[in-house]
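All remarks here apply to the structure that follows.
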Amino acid sequence: QVQVVESGGGLVQPGDSLRLSCLASGPSLHTYAWAWFRKAPGKEHDFVASLSWNGGRTSYDESVKGRFTINRDNAKNTVYLYMNNLKPEDTAAYYCAAGAGTGRDFRPITSWGQGTQVTVSS
C-alpha cells in the first residue's frame, strides 16, 4: 500500500516561494502518476498539479499555471511542488497523492495524508 507524507509548508508573504515535498513509500511507486491537491477550510480537495507516471506530462490548474512546478526524484521517492509568486488565495492545506490520470481526470489511489499547511499573508 502506498503511503505519503507531505512537508515544507509554512507562513509566507505574498510573492514568496516554497517547496513542498511528498515522501512516498510502498510498492511500484514508479508506476503511478502523482498529483498535488489543496483544501481550504470548508471546501473539498481541489486539483493543483499532476505528473504522469513516466514524468513526461504535467498538468496544472489555471490558477497556478506559470507559478507552480511539479516534479519528482525517483531515487528519493519524493514528489515536489515548487511554488513561486505565492498569493493569499493559495492559502490551503496541500496534499499529494499517487494515482492514475492527469489533470482533473486524476484519480487518487492513496488515502489523504496529513497534508502541509501553506499560509500566504502580509
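The values are calculated or read from the model by the stated rules, or taken from the named source; none is laboratory data. Not measured: the values here are computed from a predicted model. Neighbour counts are summed over all protein chains in view; Cβ atoms, including those assigned to glycine, are modelled from backbone coordinates with ideal geometry. The protein model used for the area step is the full one, side chains on, heavy atoms only, and it has no ligands, DNA or RNA in it. Shrake-Rupley method; radii C 1.70, N 1.55, O 1.52, S 1.80 Å.
Here are some notes:
- Computed over protein heavy atoms with a 1.4 angstrom probe, the accessible surface ordering of Thr58, Thr102, largest first, is Thr58, Thr102.
- Its Cα centre serving as origin, the chain has a Cβ charge dipole (Lys and Arg +1, Asp and Glu -1) of approximately 160 debye.
- Rounded to the nearest 10 Å², the accessible area of Arg104 at probe 1.4 Å: 130
- Backbone HN-Hα couplings from phi across segment 57-69 [Karplus 6.51/-1.76/1.60, Hz, Gly and Pro as x]: 9, 10, 9, 9, 5, 4, 5, 10, 4, x, 10, 10, 9
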